[in-house]
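Derivation of every value follows stated rules applied to the coordinates shown; laboratory data play no part. As the structure is a computational prediction, the values presented were derived from the model and not from experiment. Note: ideal-geometry Cβ built from the backbone for every residue, glycine included; neighbour counts use all protein chains shown.
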Amino acid sequence: MVSALFFIGIIVLVISVITGFLTGTFFGFIVALLSGIVSGMIFFALSHILNNQQSILFKLHQLEEIHKKQMKQEKKKCSNCKYEYESDLGSCPYCGRRE
């Protein structure tokens, strides 16, 4: 999608230059060129925004995966023997005390 918007922006710029030459007047050329530049800039800005959004979403997904791994590795400490074990276990695997 990002590359499509970028190429559409380039195509709009090229079409505006061609249209400007076909008008036959200097004023028509300037108007067509300026409108093409503005339209092209809009497409370029949209492609840049979408690219940034995709990179932010990718980084958020990576952070979410890291957070899930850290939550799975959360440890409990046995009050009897001070052994650290995973929080999803019902009792201490070292001494057997239930918490």
*Local electrostatic count at GLU84 - Lys and Arg +1, Asp and Glu -1, tallied over other residues with Cβ under 12 Å*: +2
*asked:* Let me check against my output: what whole-number percent is the relative contact order of the range 2-73, with C-alpha pairs under 8 Å and at least 6 apart?
replied: 37
*Degrees, to the nearest 10: 26-72 long Cα axis against longest axis of the chain*: 10
_Quick check: residue separation of ILE11 and VAL31 times 0.36 nm, minus the Cα distance between them. What number comes out in nm?_
5.5 nm
*Would you calculate, for the chain, the mean residue ellipticity at 222 nm contributed by helices, counting each DSSP H stretch of 4 or more residues as -39,500 (n - 2.57) and dividing by all residues, to the nearest 500?*
-25500 deg cm²/dmol
*asked:* Test of understanding: ordering LEU89, LEU5, LEU50 by Cβ neighbours within 10 Å, fewest first, what list do you get?
replied: LEU89, LEU50, LEU5
*Helix 2-23 versus the longest principal axis of the chain: what angle, 0 to 90°, nearest 10, using Cα atoms?*
10
*Using the number of other C-beta atoms within 10 angstrom as an exposure proxy, rank SER16, SER35, SER55 with the fewest first.*
SER55, SER35, SER16
